[in-house]
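Below: one structure, written as structure tokens.
Every read-out reported here was derived from the displayed coordinates using simple, explicitly stated rules and does not represent laboratory data. Being a predicted model, the structure only gives us computed values, none of them experimental. Because the Cβ atoms are built from the backbone with ideal geometry, glycine has one as well, and the counts that use them run over all protein chains shown.
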Amino acid sequence: MKILITGSSGQVGTNLCLTLLQKGNLVVGVDKRQNTWTDQIPTLQHNLAESMPNPAEIASIQPGFDRPDLVVHLAANAKVHELVKDPRRAHENTTITFHVLEYCRSQNLPIIFSSSREVYGRPTPPRVAEDTTDVFHILSPYAAYKMADEMLVYAYANCYDLKYLVFRLSNVYGRYDNDIERMTRVLHIFVDQMRRGEPVTIYGRSKMIDFTYVDDCINGLMLGIDKLFTGEVVNETFNLSSGSPATLVQLAETIAANLGVTPTIIDQPIQPGEINFYAADLTKAKTMLGYQPQVSFAEGIKRAIEWSLVWEKRPQTTVR
Ligand SMILES: NC(=O)c1ccc[n+]([C@@H]2O[C@H](COP(=O)([O-])OP(=O)(O)OC[C@H]3O[C@@H](n4cnc5c(N)ncnc54)[C@H](O)[C@@H]3O)[C@@H](O)[C@H]2O)c1
């Protein structure tokens, strides 16, 4: 398959592109940044908020890509808190999605779109199924524009016969996510603070999150790519997570156990824009895609810490 990936220099994009390449697919990534993890992904550096590159520009990176088979659209300003401070960046996400959708419309290409659990607004226990999005309780500009992105995808399907799958991701962690200068992710903040012997701050002691080890996320996306390409599953929206939520206190304690330290926890109230609870109902993904999360929370945290400790010992070059 020839697959165009937007946001290919990010965490999910890097993992997905490398997996697709390993399985013999052709890939072109489009991102406004060069990939800082690997030089294996053929990448067109381009700001999608301004425009979509034209087919000839994309084909200049990889022959045959004047018309790929499928697009995976991951590019976004993806940090809830940063977008609470600067909602224009959330607004920009929908401009990016519009450009990618117009490209898919003009080329008649199927698309996979990475949405977020944030579209559920203020979900309630025990489990959150796909048909329970709550537009009246959307908590942040990031969430509002993810919802708007989804609605654009559905509108293009209804108006222009666009073929799509939407995946609602949830707290993906693991390889290629520890560049905390670019993007603060809770796991690596905790790891860094504990290794320095500093206390960790938890915003929302009771907050429960469906953390997803990156390999499970990538497996789900790979199943989606396959089934959308063959036409077996079309125009559906799926939760994609581990389905085994944990609190931030459990996260801190699990990291501390792996590092062999005793954590000092400072409690703070939940931050504006944050969801307090999310546990995905994965029945639909399991039934229609054959998705089955494989990596437990304890095992995933162990792997993520091991990976980041090994990674930081590597010689640093401009391309990591
Ligand atoms: N990782 C998660 O936990 C999670 C959870 C829910 C949803 N998502 C969604 O999944 C997608 C991928 O997430 P991620 O964690 O890999 O994020 P990321 O920030 O690591 O990657 C996003 C990539 O998009 C690129 N990008 C942003 N604006 C761009 C633009 N104008 N033009 C071109 N490229 C641009 C960035 O440079 C970055 O490389 C995002 O859409 C995100 O909202 C992720």
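Filter the stretch 273-291 for residues that are within 29 Å of L83 (Cβ to Cβ) and of a type in the set (G, A, S); which is surrounded by the most Cβ atoms within 10 Å (Cβ to Cβ)?
First pass over the stretch 273-291, keeping only residues within 29 Å of L83 (Cβ to Cβ): 273-282, 284-285, 291.
Now narrow it down to the ones that are of a type in the set (G, A, S): 273, 279-280, 285.
Values: G273: 18, A279: 23, A280: 28, A285: 26.
Filtering first and then ranking leaves A280.
Residue-by-condition table, conditions (1) out of contact with any strand residue (DSSP E or B) (no Cβ under 9 Å at 6 or more places or on another chain); (2) under 23 Å from S114 (Cβ atoms):
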{"position": "T237", "(1), (2)": "no, yes"}
{"position": "L259", "(1), (2)": "yes, no"}
{"position": "P269", "(1), (2)": "no, no"}
{"position": "A285", "(1), (2)": "no, yes"}
{"position": "F297", "(1), (2)": "no, yes"}
{"position": "I301", "(1), (2)": "no, yes"}
{"position": "W311", "(1), (2)": "yes, no"}
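Taking the conditions exactly as written (over 17 Å from S51 (Cβ atoms), near the ligand (Cβ under 10 Å from one of its atoms) and of a type outside the set (G, A, S)), does R117 satisfy them or not? Break it down into steps so the answer makes sense when it comes.
Details: over 17 Å from S51 (Cβ atoms): yes; near the ligand (Cβ under 10 Å from one of its atoms): yes; of a type outside the set (G, A, S): yes.
Here the answer is yes, as R117 does meet what is asked.
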Problem - Filter result for the condition that a residue is part of a helix (DSSP H, G or I) and either more than 10 Å from the ligand (Cβ to nearest atom) or of a type in the set (K, R) (or both), over E92, E102 - result: E102
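Could you check the stretch 1-89 for helices (runs of 4 or more DSSP H) lying wholly inside it with 1 or more residues that are closer than 21 Å to W307 by Cβ, more than 8 Å from the ligand (Cβ to nearest atom) and free of Cβ contacts under 8 Å to residues at least 60 places away in the same chain? Walk me through it before giving the result.
Values: elements: 11-22, 55-59, 80-85.
Answer list for the stretch 1-89: 11-22.
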